[in-house]
Amino acid sequence: MDRLPTRLWIEALARRAQLSGASAFIVQHGDDDRGDVLIKVACLNGNAAAYAPSMNLEGERIFLNLAMQGIGPDEASVDEYVQRAKARDRDLWIIEIEDREGRTFLTEPVEN
């Protein structure tokens, strides 16, 4: 099965967020077809979370909350991680969602 181009997936995520009253910004434009994704969700109160794709045991795409790796909940630590990720991968898509409720708007499962 072919994978949806990353650009289209990112555009759909941003649209879901905007339709729900949140804001979504593309911080870094990655490879249109196969770029990896890093999502920052800022709660606008000094807290934030970072989410990165992974695969579960069944081979399905999921997103991991990077808090389990010590990233967040303070926005400064999430921003530091985002900057390091940005520097090491030019094909990485970075999207920031601003939502007071901390919603990710992902349709894929999220593991905390």
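Nothing in this text is a laboratory measurement; each read-out follows from the coordinates by a stated rule. Everything quoted here is computed from the prediction, not taken from an experiment. Glycine also receives a Cβ, built like all others from the backbone with ideal geometry; neighbour counts cover every protein chain displayed.
Placing +1 on the Cβ of each Lys and Arg and -1 on the Cβ of each Asp and Glu in the chain, which of S77, A22, L57 has its Cα farthest towards the positive end of the resulting dipole?
Final value for the positive-end residue is A22.
Normalised by the number of residues in the chain, what is the relative contact order in percent for Cα pairs under 8 Å and 6+ residues apart?
Computed value for the chain: 35 percent relative contact order.
For the stretch 6-100, what is the convex hull volume of its Cα atoms per residue in Å³?
Residue-normalised Cα hull volume stands at 99 Å³.
Counting residues in the stretch 1-48 as N, plug N into 2.2 N^0.38 Å and put the Cα Rg over that result.
1.28
Between R61 and R15, with labels modelled 7 Å along Cα→Cβ, what's the label distance in nm to one decimal, could you check?
1.6
Each label point is 7 Å from the Cα along the Cα-to-Cβ direction; what then is the distance between the points at L4 and D89, in nm?
Placing both labels 7 Å along Cα→Cβ, they lie 1.9 nm apart.
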